[in-house]
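First up is the structure itself, then whatever we jot down about it.
FYI, it's all coordinate maths here, none of it is from the lab. These numbers were taken from a predicted model, which means no experiment stands behind them. Ideal geometry is used to build each Cβ from the backbone, glycine not excepted, and the neighbour counts take in all protein chains shown.
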Amino acid sequence: MDIWKVLEYTLAVTTVGMMIWLVKLFFHDKLDARWHYFIWLVLLVRLVIPVDFALIHTPVSVLQGIPLSRWIDLGRLAAGRKGYQEAAGLLGKIYLWGVALLGGYYFATWLVLKLCLKNAPRADESTRGYVNGIAEKYGLKTCSDIRSYHCNAPFICGLVRPVLVLPQGRAMPEEAVIVHELLHRKWKDVSVNVAIRIVRVVNWFNPAVWFLTGVVQNDSEALCDQRVLEYCREGMQKDYGDMLLAMAEKGAGNPVRTGTSNMANSYRNMRTRIRRICDFRKVPPGIGVVAACITLMLTAAGVGTGVAHRGFELREFRTDAELQKNLWEAEIYRADTPEEALWLFLQAAAEHNVFYRAAVLPQRETAAFEAFAEDCRNKGILDGKGGITVDSIAASTGQKDYFPQETTGIWQCRIYNLQYDGNQGTATVYAELGNGHEEAQYTEWKLELEREEGWKVRLVGDTGRRTGEYREPPMLQGSLRTGDFLLEAWAYNEAYFSGFGGMQQRLPDTWGNMPYGQDALGKDYFPDHFTVEYRVAEYDITYLGEESLEGCTVRVEITENGKEAAEMPTPEEAAAEASAEAAGEVYDTGSFSGDGYCVAEFDGKELIPGEPRGIGGGGSGFVQPGQGWNTDTELRVHVRIYVDGRLVVEDEAVAVAERR
Amino acid sequence: MERKSLTYLKIGILFLFMNFNLGKINLMPDFVGMLFWFASAASHDVPTETEKRLKPFLLLLAADFALHWVFSFKNPLESLLVSVMSVYTIYMFLGEVIKRIREEQPERALHLNFARTVTVLALTANFLLSAYDNSTLNGVIVISFLLVLVFLMVQVCLIRPKCGEKL
């Protein structure tokens, strides 16, 4: 039994219960007994629904201000680190034993009572007549089974076939007392008794829950008292209150038993019941509207889960203990989406930050990572905010698995081909290094993602520093040999986060919500999706013929996935859509491409036999996630090649994902 | 309704539902409104049972609003308690005003009853919905809220003191 889950559950129940109790304290004489009783339904919902089940997200949830999940996660992590896993396991077993023992005790007492009542003498005719007369007088259902038993006061036992139990050898109970018990029967209050027992069994170790369930019992009795007063004659509050007091003083109450209507008979409980009786009819009428509004607010606060704040603060640390605390805070952070995990990884790489890295490191590696962070601190290369202050982490620490080799001067990052299912995923990151180099320098990282409580990232491939042209990794690829031409097609997804260069300048304001920013409280939060993701297709053509095409005009038209050639714009139309600068390019190269098509027109001398020549490519950008290519899709293209206006090739090609 | 009590009521509602900010300081703080309402409840010749029970709430709310006027803080539990108490206090306090004016100004009482019900519902909706980050929804809530509050203030300001005397 996971004792941490049990703790989280019982703490959530306690929090919501205490919230309700606190509000009830303020309104003890301002709302009637019905409201004071039925408001506990909010707690019932919380009892039934698991803590991390997002029934409704409400920013006003009481759990918003009390980060139970975070505390529990920290506790679990600390126990694990300090070697208390066995103790936690033992506590789990003790908890289960407690449930079994207390549950067994309640069951046994109920069984004993049932057996005793089965053997108890039935009430005589006059008693039955007395009870039935009262039931008929007040329009209540009587009990077919009435027994006499050694008890101080009457009670109802059982839910399906309730038995009215009267004290043996004592004077007949007063009319109001009988009405009280019959009202318990009418409203099936025995079920409340049973439910309270179940709650106590599940939360047997939590004194706050015992206290709260005691309040529920008392409220149930107080409501029953109010119902008695509503049924009985006007002005009998004082008589009824005197009677209850007399019973309490004489010790005439019954012990609270499972499966009965005995709920709250102690003298202290009587005080609450008497006060409610005095307040009877003092609560002004017409408060239904405001009572409903208050109930709605409490329901939202008690039942909802707070809106998760994505992000954590990097607090400055000075001691080893503070470093450890910060690392633990990061380790319990849950990246909700793979995109968020990737963002954290990039942030860690760009800033050499151990906290960001710890937030997306697989759980099995965190212990070793903590040792690594401490080692960095001991070497004096870790600053107060968790940044490693050397250019090459691998060279200084010998550690290659946590951070990429080359991270200095990252000014642009692109994420290629993020693919994932419910539990794992992959992505490739291209990071351009430095700015102002004559030749472009970059590095490429292969990442694997896995889902634990949140998404985690592992670095599984690192090219180090490279120069030259970068070829985007294809997700789909295919080729077509047709006539004297070889067409190669490939498709990939290219994504960006704002704040990692590249896209930032080109993003217009109308791209929608900036995923990285600040919330209303001015706190930073992490993005949970890309700023934009492009779905791109590109093409190369290779001439394999022997005859030179120099002097010939070669035109290649490619349409994708069923798009008709007639749907392609003319060069003039394409130019009119593009900006003035792009229009110049269109006329110069005779090529244009867009969503679903690509056209290139050029002199045949550019086709050197055996050497691929780029045709072009294009695609669409999306703000919403999941719009790009995936491994289940295929790129079908229809290709036409014209030489000097004569159609020489018309064929179809398919690009698919590589099957492993 | 007594003239003095009515005056306190009217001034109080202006402070409660109107804000005039000079930089970060609100020159019409809410806690002053609550104190005026407390004064209104305390100045009746014969206070009702409900008015007596509302006084602690009025003082508590005044204290909380004063704290918020001095310090800037946010706490979900405190926010919940204050919202719940505010809704109850406004509804019940205005309910007592309605009872007092019903005999002499039945139509005013009817309008005020409608206004206080709608105000309380608007306050509840504001509490439940405004924290969601939806600009359209927030805009609708703000505008509706403003209209409701203006209507309520107008109804209160139109109440005449006892014996039909005009202020």
- Rounded to whole Å and ordered largest first, report the semi-axes of the equivalent ellipsoid of the protein assembly as shown derived from its Cα gyration tensor (root of 5λ). 70, 36, 28
- Task: Specify the inter-centroid distance of region B:37-68 and region B:109-124, based on alpha-carbon positions, in whole Å.
- Result: 19 Å
- Can you give the angle from 0 to 90° between the axis of helix B:3-17 and the longest principal axis of chain B, with both taken from C-alpha atoms, to the nearest 10? 10 degrees
- Dipole-positive endmost among A:I393, A:A431, A:T467 within region A:320-467 (Cβ charges, Cα centre): A:T467
- Note on the structure: Here the gain from full extension of A:S144 to A:L25, 0.36 nm per residue of separation minus their alpha-carbon distance, amounts to 38.8 nm
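Kindly state, to the nearest 0.05, the FRET efficiency for A:K325 paired with B:V154, given R0 = 56 Å and r defined as their beta-carbon distance. Before the final figure, lay out the partial values.
Working: r = 56 Å, r/R0 = 1.00.
My answer for the efficiency is 0.50.
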- For region A:3-303, what size does the Cα cloud have along each of its three principal axes, sorted from largest down, in whole Å? 71, 49, 32
- Task: Taking 7 Å along the Cα-to-C-beta vector as the label spot, tell me the A:K93-A:K137 distance in nanometres, rounded to one decimal.
- Result: 6.1 nm
- In the protein assembly as shown, taking the dipole from +1 charges on Lys and Arg beta carbons and -1 charges on Asp and Glu beta carbons about the Cα centre, the listed residue (B:L54, A:Y525, A:A100) farthest towards the positive end is B:L54
- Query: If you stretched the chain out fully between A:D603 and A:Q412, how much longer would it get, using 0.36 nm times the residue separation minus the C-alpha to C-alpha distance?
  - Reply: 65.2 nm
- Message: So if the hydrodynamic radius of region A:61-127 is defined as the Kirkwood radius over C-alpha pairs, what does Stokes-Einstein give as its diffusion coefficient at 20 °C and 1.002 mPa s, in µm² per second?
- Response: 129 µm²/s
- Between the helical axis of B:76-101 and the dominant principal axis of chain B, each derived from Cα atoms, what acute angle in degrees is found, rounded to the nearest 10? 20 degrees
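About the Cα centre of the protein assembly as shown, how large is the charge dipole given +1 on each Lys and Arg Cβ and -1 on each Asp and Glu Cβ? Please answer in debye to the nearest 20.
Details: 84 positive and 102 negative charges, 1611 e Å.
I would put it at about 7740 debye.
What net charge is computed for the residues neighbouring B:W69, neighbours being all others with C-beta under 11 Å from the C-beta of B:W69, Lys and Arg scored +1, Asp and Glu -1?
Working: positive: B:K24; negative: B:D30, B:D64.
Here the count lands on -1.
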- Ranking of A:F317, B:F114 by count of other Cβ atoms within 10 Å, fewest first: B:F114, A:F317
- Task: Taking only Cα atoms and a 10 Å spring cutoff, compute GNM fluctuations for chain B and point out the largest among B:R53, B:R100, B:R108.
- Result: B:R53
- Could you give the distance between the Cα centres of region A:142-179 and region A:1-35, to the whole Å? 33 Å
- Item | Those aspartates and glutamates that a straight Cα-Cα span of less than 15 Å connects to A:K30, excepting residues fewer than 8 apart in one chain | A:D219, A:D279, B:E49, B:E51, B:E96
- Item | Partners for A:K137 among lysines (Cα-Cα distance below 28 Å; same-chain residues under 8 apart left out) | A:K186, A:K188, A:K238, A:K282
- Item | Of A:K5/A:K325; B:K4/B:K55; B:K4/B:K99; A:K24/B:K52; A:K82/A:K400; B:K52/B:K74, pairs whose Cα-Cα distance is over 25 Å | A:K82/A:K400; B:K52/B:K74
- Starting from the Cα of A:A208, step 7 Å along the direction of its Cβ; do the same at B:K55; then give the gap between the two resulting points in nm. 3.5 nm
- Query: Counting only the backbone N, which residues of region A:328-343 are under 20 Å from the spot 7 Å out from the Cα of A:R458 toward its beta-carbon?
  - Reply: A:331-343
- Can you tell me the FRET efficiency between A:A292 and A:L101 if r is taken as the Cβ-Cβ distance and R0 is 41 Å, rounded to the nearest 0.05? 0.45
- Query: Which of B:V156, B:L146, B:G33 sits farthest toward the positive end of the charge dipole of chain B, with +1 on the Cβ of Lys and Arg and -1 on the Cβ of Asp and Glu?
  - Reply: B:V156
- Task: Please work out the Cα center distance from region A:388-442 to region A:194-243, rounded to the nearest Å.
- Result: 64 Å
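Loop sites only, by DSSP: take the GluC sites (Glu not before Pro) in chain B that have at most 10 other C-beta atoms within 10 Å and name the longest stretch containing none of them. Walk me through the intermediate numbers first.
Working: sites that count: B:E103, B:E165.
Looking at chain B, B:1-102 is the longest stretch - no exposed GluC sites (Glu not before Pro) with at most 10 other Cβ atoms within 10 Å.
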- Message: Given the DSSP H assignment, sum -39500 (n - 2.57) over each helix run of at least 4 residues in chain B and divide by its residue total; what's the result at 222 nm in deg cm²/dmol, nearest 500?
- Response: -25500 deg cm²/dmol
- Cβ-Cβ FRET estimate between A:V112 and A:K238, R0 fixed at 41 Å, reported to 0.05: 0.60
